[in-house]
Amino acid sequence: MSQQFDVVVIGGGPGGYVAAIRAAQLGFSAACVDAFKNPEGKPSLGGTCLNVGCIPSKALLQSSENFHAVQHDFAKHGISVSGAKMDVGQMLGRKTDIINKNAAGIGFLFKKNKVANIHGLAAFKGRQGDKWLIEVTDGGKVVDTLEAGHVIVATGSSPRALPGLATDNQLVLDNEGALALTAVPKRLGVIGAGVIGLEMGSVWKRLGSEVTVLEAMPTFLAAADQQIAKEAFKMLTRDTGLDIKLGVKIGEVKAGKKSVTVNYELNGEAVKAEFDKLIVSIGRVPNTQGLGAETVGLQLDERGFVAVDDHCHTNLPNVWAIGDVVRGPMLAHKASEEGVAVAERIAGQKPHVDFGVIPWVIYTSPEIAWVGKTEEQLKAEGVEYKKGTSGFGANGRALGLGQAQGTVKILADAKTDRILGLHMIGPMVSELVSEGVVSMEFKAASEDLARIVHAHPSLSEVIHEAALAADKRALHG
């Protein structure tokens, strides 16, 4: 006998579980089907983000930064520490505790909102009247059959593999393997200088690895504002000690018994490097295999993403798709907002998600964050703009934290003064960037930020100063 629901969500990541909860809040009977299992073989909600992505990586980043601070920064505060050691097992155990706590929290929210929590792999099996038939399997066995008025596909993405190289998560690692190393490798190679590569490289560098990052692009962080990106490159190579090589052409990569050899070309010269571990972080691909898309005629684009319109509706009636499996940035918060929006559209509401004001964050030390247009984009589009910059070097709060480095940059329309972008590198900018997001959502001008009273002493004063600088009336610079 099939279970019947108004809304069935396929995938329990940050897009899927939020969509299911919001649908239930709106009065729909909702179910969320998720296939993820943790290393103990138990179901674990939260998707890649919670289990092997955003959350565990932040846990390890914090642990590694604390270890670095004990070794290098505490003495400045008059705190003497000798013989500090890192217990990698304890660090990983803390990470696992955080994952389990959050996953259990999602399960509690499902119970609270009366969302049916179904474990297994969901696939379209056809249509019966105005209902979609969904088959759920676990270990190859059918465990449930569902009927749904609406289906939300939120299956997420998986790491892109390097052609010809198998990922075994022993020597050749993806994000999951990089988060589970049981010892600090002496020589760590990273292919790809994106978010995952930089964050994981930073973790293991601070714990003692010699880290080499190989990036194919000739520019560092091409998606970021290049003034900020250049400053980030300087800080990450000089202060963190990452050896970042740009414009690399990867050749043959061979995994041996105890090491991985990478042959590459740099500036026309052939180079051969040997690493104890190699992290491959060259992007992600949408999870659409096994979904049964061909069974019901669900349209995929040439890259395997589910094709959707501006409202996340697919080519099939009452079938929606959100998050990493559709166009747009592969960001957890983007997926969550799309999930909320789709649930509300099913209820007849008219929500809106503005991709132009979605924040981006890289949780290295210092952090990098931005929202809106870069200076390069504005120049390419022929937009007349003005800018204001300010640094953390003289900020009292940053000096007290011992993190007085970095820059905030505001870009505003030259005629209307409307804020077009906010770009920053420095302490806790992952939190500060929200000031720019709110400002841009409400169509604020740089003058608005300049007139707002910011607490003193606080890191946010650097945003205030940058806004003043956009009008050439900075007070401290």
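Observations on the structure shown:
- Pair list, Cβ under 9 Å, 6 or more apart: the range 246-268 residue over 20 Å from Gly194 (Cα atoms), other residue loosely packed, with under 13 Cβ neighbours inside 10 Å and among the aliphatic types (A, V, I, L, M): Ala255/Ala166; Asn263/Ala270
- Qualifying residue in the range 174-189 (condition: modelled with pLDDT under 95, open to solvent by 50 Å² or more (accessible area, probe 1.4 Å) and of a type in the set (Gly, Ala, Ser)): no
- Matching option when the condition is under 27 Å from Pro329 (Cβ atoms), hydroxyl-bearing (Ser, Thr, Tyr) and open to solvent by 50 Å² or more (accessible area, probe 1.4 Å), among Thr389, Thr374, Thr364: Thr389
- One residue from Ala380, Ala467 being of a type in the set (A, V, I, L, M) and touching an Asp or Glu at 6+ places or on another chain (Cβ under 9 Å): Ala467
- Some residue of the range 409-421 being under 17 Å from the mean Cα position of the chain (by Cα), among the aliphatic types (A, V, I, L, M) and at pLDDT 95 or above: no
- In the range 371-391, the residues that are of a type in the set (A, V, I, L, M, F, W, C) and assigned to a helix (DSSP H, G or I): Leu378, Ala380
- Near pairs, Cβ below 8 angstrom, 6+ apart or cross-chain, from the range 448-472 (touching a residue at least 12 places away in the same chain (Cβ under 8 Å) and open to solvent by less than 20 Å² (accessible area, probe 1.4 Å)) to any residue that is assigned to a helix (DSSP H, G or I) and of a type in the set (Ser, Thr, Tyr): Leu449/Ser439; Ala467/Ser446; Ala470/Ser446
- Among the candidates Glu381, Glu367, the residue that is under 23 Å from the mean Cα position of the chain (by Cα) and of a type in the set (D, E, K, R) is uniquely Glu367.
- Residue in the range 392-401 that is part of a loop (DSSP other than H, G, I, E, B), open to solvent by 40 Å² or more (accessible area, probe 1.4 Å), at pLDDT 95 or above and basic (Lys, Arg) present: no
- Residue among Leu291, Leu246, Leu300 that alone is open to solvent by 20 Å² or more (accessible area, probe 1.4 Å), hydrophobic (A, V, I, L, M, F, W, C), under 30 Å from Leu133 (Cβ atoms) and under 26 Å from the mean Cα position of the chain (by Cα): Leu300
- Candidates Ala75, Ala24, Ala31, filtered to the one that is open to solvent by less than 50 Å² (accessible area, probe 1.4 Å) and either in contact with a His (Cβ under 7 Å, 6 or more places away or on another chain) or part of a helix (DSSP H, G or I) (or both): Ala24
- Test result for Ala84, within 30 Å of Gly400 (Cβ to Cβ), without any contact (Cβ under 8 Å) to a residue 40 or more places away in the chain and not in a helix (DSSP H, G or I): yes
- Failed criterion for Gly89 (all others in (1) open to solvent by 30 Å² or more (accessible area, probe 1.4 Å); (2) without any contact (Cβ under 8 Å) to a residue 24 or more places away in the chain; (3) of a type outside the set (Lys, Arg) hold): (2)
The values are calculated or read from the model by the stated rules, or taken from the named source; none is laboratory data. As the structure is a prediction and not an experimental result, all values here were calculated from the model. Reconstructed Cβ throughout: ideal geometry from the backbone, glycine too, with neighbour counts over all protein chains shown. Protein only, heavy atoms only, side chains kept; ligands, DNA and RNA dropped before computing areas. Shrake-Rupley method; radii C 1.70, N 1.55, O 1.52, S 1.80 Å.
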